[in-house]
1. Please go through the range 35-65 and pick out each residue that is in a helix (DSSP H, G or I) and within 17 Å of Thr176 (Cβ to Cβ).
2. Can you name the residue in the range 50-76 that is within 17 Å of Asp186 (Cβ to Cβ) and among the small types (Gly, Ala, Ser) and is also modelled with the highest pLDDT among such residues?
3. State yes or no: is Gly155 assigned to a strand (DSSP E or B), under 26 Å from Ser51 (Cβ atoms) and either out of contact with any Phe, Trp or Tyr (no Cβ under 7 Å at 6 or more places or on another chain) or modelled with pLDDT of 95 or more (or both)?
4. Being within 14 Å of the chain's Cα centre (by Cα), at pLDDT below 95 and closer than 17 Å to Ser59 by Cα is the requirement here; does Val164 meet it?
5. If you go through the range 205-220 one residue at a time, how many are surrounded by 10 or more Cβ atoms within 10 Å (Cβ to Cβ) and part of a loop (DSSP other than H, G, I, E, B)?
6. For the range 133-155, which residues satisfy the criterion of being under 13 Å from the mean Cα position of the chain (by Cα) and under 17 Å from Lys77 (Cβ atoms)?
7. So if I check each of Ala146, Ala201, Ala188, which one is crowded, with 17+ Cβ neighbours inside 10 Å and of a type in the set (A, V, I, L, M, F, W, C)?
8. Can you confirm whether Glu183 is more than 24 Å from Gln40 (Cβ to Cβ), under 17 Å from the mean Cα position of the chain (by Cα), assigned to a loop (DSSP other than H, G, I, E, B) and in the same structural domain as Phe93 (by TED's automatic domain parsing)?
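The values are calculated or read from the model by the stated rules, or taken from the named source; none is laboratory data. What you see is a predicted model, and the numbers here were worked out from it, not measured in a lab. In this analysis, Cβ positions are derived from the backbone assuming ideal geometry, glycine residues included, and neighbour counts consider all displayed protein chains.
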Amino acid sequence: MSTGTLMRLGTLILAAAPLATSLCAQQRSPSAQEAHDLAQKVDHHYNQLHSLRAVFTESYEGMGVKRAESGNLLLLKPGRMKWDYSAPAGKVFLLDGQFAWFYARGDSQVQRIPAKELDDLRSPLRFLLGHTELEKEVNNITLASAPGGRFTLTGQPKGQEKRVARLTITLTGDGTITGIEIEEVDGALTQFTFTGEQPNAPIPAEVFHFTPPPGIPVVDAPPPV
């Protein structure tokens, strides 16, 4: 190889070096600081709310079962949450601040459990009902990019280690949650998506009062799986 060829090759290598450095920087994993900053945005977004209304879809796959459901989600601070299902119609999961209530049309009983004992897959959103501190509710949070300019925060929800293997929250850059994916320790996967968020929507407190259907008994029991 001639001296001129070596010089040209050296020039190309030197010219390519900044580009390679740039590509490595673009492909690097998000830092813990970036995950912290986005978690802080989640806290800020939801701590300024006193109520929230959104449309949700829910899908479940596990143990040979697949199902898809949808409805409206209502939140009212402090401590009140209602998943009002339109498909299937007549199904409801409600937190009134003291108890969690479970009922689906056609059930022979209403199930009730103290809110503090709740271990339900919809309960990861419960932290939004108080003073949100995401990093105190989820361990080992990591950040990744997601389609549509969104991001994901993934970790282990505290207090659910025996049931939940992974919690992934999909959100926008301003900290708005648009989806939640929950992988259970047995491999079952539940996914929620949220659209049409209405921050501080007017929601009457009586919406969160559950009245059992006539003739349907209330039993104190663990929530259904």
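1. Ala35, Asp37, Leu38, Ala39, Gln40, Lys41, Val42, Asp43, His44, His45, Tyr46, Asn47
2. For the range 50-76, the residue satisfying everything is Ser59.
3. So Gly155 fails the test.
4. Here the answer is yes, as Val164 does meet what is asked.
5. 5
6. Leu134, Glu137 - these are the residues of the range 133-155 that are under 13 Å from the mean Cα position of the chain (by Cα) and under 17 Å from Lys77 (Cβ atoms).
7. Ala188
8. no
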